[in-house]
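Here is the structure we will look at.
The values are calculated or read from the model by the stated rules, or taken from the named source; none is laboratory data. All figures in this text were calculated on a predicted structure; none of them were measured in a lab. With ideal geometry, Cβ positions are generated from the backbone for all residues, glycine too; neighbour counts draw on all protein chains shown. Accessible surface is based on the protein model in full, side chains and every heavy atom, while ligands, DNA and RNA are left aside. Shrake-Rupley method; radii C 1.70, N 1.55, O 1.52, S 1.80 Å.
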Amino acid sequence: MCLAHSKVIDGFAAQNELPAFAAGLIDTLNKGAVAMALSIGHRTGLFDAMRSAEAKSPADWARETGLNERYVTEWLGAMATAGIVSIDEAGRYALPAEHARFLGVDAPDGTMSGMMQWIGVLAPVETQIVDCFRKGGGVPYSAYSRFHDVMEEEGKLTFDADATLGLVPDLVAKLEAGIDVLDVGCGRGRALRILAERFPNSRFTGYDLSAEAIATARDKASGLGNIRFVVLDCMKMDDEDAFDLVFTFDAIHDQPHPAVLLRNIRRALRSDGVYIGQDIWAHTDTADNLQHPLAPFIYTISLMHCMTVSLAQGGIGLGAAWGEEKAREMLAEAGFGKVEMHRLEHDIQNAYYVCRT
Ligand SMILES: C[S@@+](CC[C@H](N)C(=O)[O-])C[C@H]1O[C@@H](n2cnc3c(N)ncnc32)[C@H](O)[C@@H]1O
């Protein structure tokens, strides 16, 4: 593959003369490619192995991880030139401690390399998305082979039980005493499982459309007697006055008809119940999101997943950047008279709507 533009292939001098916009595009190209290589480092265990900060040759890193030397060498080339790992005069590579904090499955300060996996989840559907631009329609959930793997990993960054429960006074005491809790669009049920383990007197239910996600959720929670998972299209959810606490984690905006789901949640809640909806934070108007640090990622992931999976179910394709203003409007329309919006320090991506009737 080559970049057949004379200004680019003429070398550094010519590149330095590029207009800032074109130089920025080169930067985007580099970073898009590096996101894939970061994802590979995450999935192969290379980052976790390199957390020791030792400097080793590619052959030694390959030996230590049991991976193919030629692949490890090429990957280290991408990582070194991107400034992720260092290279010394002897050709040994090391992962600096200040980078290791954010890289690998066991990254102590949250796995940013785990988030890079989204690029690989989206890339295989590009051609289907291009077709949708011409013909309309959507790409179904089933087209994304690693979606639930990566979503579950993202939950390690975004779900903090103490911070989330701390949004509602006395909620921990009620959970300790025993209440009925529902998680709608629960995926593999990680958040619900953590809560069910911690609060044995409460009863936990998770609904999701995906039979595969629910099968995994059941497997992982098999030792717990206070949790159940149900395959359900939540557009058809008909519970009434059944739950004291309802959660959605990143599960409103990609529904076929989010307004229907919000009404279903409102109906399922007991009169003194509370609904905590975690969803992507943005403004509703694109022009107001120009300074949002994650906006290009949010709009792109929406285009290639959240919006299109909703359209594929015959839905409205609300989109991930539906925004706080629209969220407040829709929550009010669903019958939630009191809505507080919070941001939590550990979670740069989401808003937390605490809603009561
Ligand atoms: C972005 S994922 C979030 C999953 C999970 N809450 C988490 O945080 O890991 C959205 C979830 O909504 C589920 N979903 C989408 N449409 C649904 C529907 N109509 N009924 C029930 N679940 C649905 C998907 O299968 C998926 O697991």
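Sorting MET235, MET330 by accessible area (1.4 Å probe), largest first, what list results?
Working: MET235 40, MET330 15 Å².
In descending accessible area the options line up as MET235, MET330.
Once the mean 1/r over all distinct Cα pairs of segment 70-187 is inverted, what Kirkwood radius in angstroms do you read off? Mind showing how you got there, number by number?
Values: mean 1/r = 0.0542 Å⁻¹.
About 18.4 Å, per the Kirkwood formula over Cα pairs.
Taking only protein heavy atoms and a 1.4 Å probe, what accessible area per residue, in Å², does the chain have with all protein chains in place? Numbers along the way, then the final one.
Working: 17490 Å² over 357 residues.
Averaged over the residues of the chain, the accessible area is 49 Å².
What is the sum of charges around GLY335, taking Lys and Arg as +1, Asp and Glu as -1, for the other residues whose C-beta is under 9 Å from the C-beta of GLY335? Walk me through the numbers on the way to the answer.
On the way: positive: ARG263, ARG266, ARG267; negative: GLU333.
The answer is +2.
So what does log10 I(q)/I(0) come out to for the chain at q = 0.06, 0.07, 0.09 Å⁻¹, using the Debye formula with one equal point on every Cα and no solvent?
Here log10 of I(q) over I(0) equals -0.27, -0.36, -0.59.
For segment 10-118, state which GluC sites (Glu not before Pro) are in a DSSP loop and have at most 14 other beta carbons lying within 10 Å of their beta carbon.
Working: sites: GLU17, GLU54, GLU64, GLU69, GLU74, GLU89, GLU98; in loops: GLU17, GLU54, GLU89.
Passing both the DSSP loop test and the Cβ count: GLU17, GLU54, GLU89.
Given a 1.4 Å probe and the protein chains all in place, what does the accessible area of MET112 round to, in Å² to the nearest 10?
Estimated to the nearest 10 Å², MET112 gives 80 Å².
Carbon and sulfur together cover what percent of the accessible area of the chain at a 1.4 Å probe radius?
55 percent
In nm, what is the difference between 0.36 nm times the number of residues separating VAL230 and ARG263 and their Cα-Cα distance? Show your work: numbers first, answer last.
On the way: separation 33, 0.36 × 33 = 11.88 nm, distance 1.95 nm.
Between VAL230 and ARG263, full extension yields an extra 9.9 nm.
Gaussian network model of the chain, Cα springs within a sub-10 Å range: biggest mean-square fluctuation belongs to which of PHE297, PHE249, PHE147?
PHE297
Under 5 Å between amide hydrogens, which residues at least 5 positions from ASP250 or on another chain qualify, with H placed 1.01 Å from N in the peptide plane?
Here the answer is GLN278, ASP279, since their amide H atoms fall under 5 Å of that of ASP250.
Give the accessible area for ARG203 in Å² (nearest 10); use a 1.4 Å probe, count only protein heavy atoms, and leave out ligands, DNA and RNA.
ARG203 has an accessible surface of roughly 110 Å² with all protein chains in place.
Could you pull out every one of the aspartates and glutamates with an alpha carbon less than 20 Å from that of LYS31, ignoring same-chain neighbours closer than 8 positions?
Reachable aspartates and glutamates: GLU74, GLU98, GLU126.
Based solely on C-alpha atoms, express the radius of gyration and the Dmax of segment 191-250 in angstrom.
Final numbers for Rg and Dmax: 11.6, 30 Å.
Please work out the Kirkwood hydrodynamic radius for segment 6-103, using every pair of different C-alpha atoms, and report it in angstroms with one decimal place.
Mean inverse Cα-Cα distance, inverted, gives 14.6 Å.
Considering only DSSP states other than H, G, I, E and B, which GluC sites (Glu not before Pro) in segment 284-349 qualify as loop sites with at most 11 other Cβ atoms within 10 Å? Display every interim value, and only then the final one.
Working: sites: GLU324, GLU325, GLU329, GLU333, GLU340, GLU345; in loops: GLU345.
Those satisfying the criteria are GLU345.
Distance between the C-alpha centers of segment 35-97 and segment 112-190? Whole Å please.
29 Å
Straight-line reach only, C-alpha to C-alpha below 18 angstrom: list the lysines that LYS326 could link to, leaving out same-chain residues fewer than 8 apart.
Straight-line reach from LYS326, under 18 Å: LYS338.
Where a Cα-Cα gap under 23 Å defines reach, which lysines qualify for LYS156, not counting those fewer than 8 residues away within the same chain?
LYS220
What ranking of VAL339, VAL231 comes out by heavy-atom accessible area, probe 1.4 Å, highest first?
VAL231, VAL339
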